[in-house]
Amino acid sequence: MKRINTPYYLILGLIAGLFCFAASAQQKTVKTVRPAATSSLDGKSLFQEFCAVCHGKDAKGGGPAASALKTQPGDLTQISRNNKGNFPDTKILAILKGEQSIAAHGNADMPTWGKTFGDMNVNPNVGQGRMHALVMYLQDIQAK
Ligand code: HEC
């Protein structure tokens, strides 16, 4: 069996399962699973499929997995506001690719997508296209 390299493979499909923790359990855990292959190149549907579980369907941070994370996923509609009104697309792309770490001390709560999307398709351009589509989607939903 192929070993799965955890930071890259995520909790998708967990929306249903996540709340099935035992009543006695004090701590929720986020199970890491390999994302299902997708044919989508559309930023919005990719976001719903791969990001909403943590960031919330509205990207504001309230996804079902968020409360189980050590670091809370921020409100992704405020990226421009937090950056003097400019959407830092290059930086966001680098975060998604995993080239730029977000937290100073590094943390695995925000997964990187370069390898994950790359692994899902034979053609690496598809993975790149997905990350660009996601960045454009995030740019679209910035609070004005
Ligand atoms: C396992 C939960 C999880 C998933 C799934 C997830 N994220 Fe995140 N994300 C986080 C956390 C937690 C942070 C905050 C990390 C920090 O501040 O150290 C974050 C931060 C970010 C940031 C940086 C925000 C900023 O203000 O700098 C971006 C951009 C982002 N995520 C985009 C995405 C996109 C796009 C996807 C889907 C492809 C995604 N995330 C999937 C947990 C997740």
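The length gained by stretching the chain between Asn123 and Arg81 to full extension, at 0.36 nm per residue less their Cα-Cα distance, is 11.6 nm. The simple Förster model, with R0 at 35 Å and r as the Cβ-Cβ distance, assigns His132 and Lys70 a FRET efficiency of 0.75. Treating each Cα of region 83-144 as an identical point scatterer and summing with the Debye formula, the log10 of I(q)/I(0) at q = 0.24, 0.29 Å⁻¹ comes to -1.04, -1.21. Here the spin labels are modelled as points 7 Å beyond Cα on the Cα-Cβ line, and at Glu49 and Ile141 they lie 1.5 nm apart.
Using the crude model of +1 on Lys and Arg Cβ and -1 on Asp and Glu Cβ, and no other charge, please compute the dipole size for region 34-125 relative to its Cα centre, in debye to 20. Please report the intermediate quantities before stating the final value.
Values: 10 positive and 8 negative charges, 35 e Å.
That gives region 34-125 a dipole magnitude of about 180 debye.
Beyond 14 Å, the tail of the calculated P(r) for region 53-94 holds 52 percent of the Cα pairs. Across region 76-82, rounded Karplus estimates of 3J(HN,Hα) from the backbone phi angles (6.51 cos²θ - 1.76 cosθ + 1.60, θ = phi - 60°) give 6, 7, 9, 4, 5, 4, 6 Hz, Gly and Pro being marked x.
Every number here is computed from the coordinates shown, using simple stated rules; none is lab data. Bear in mind that the values here come from a model prediction, so they are computed numbers and not experimental data. All Cβ positions, even for glycine, are placed from backbone atoms using ideal geometry, and neighbour counts span all protein chains on display.
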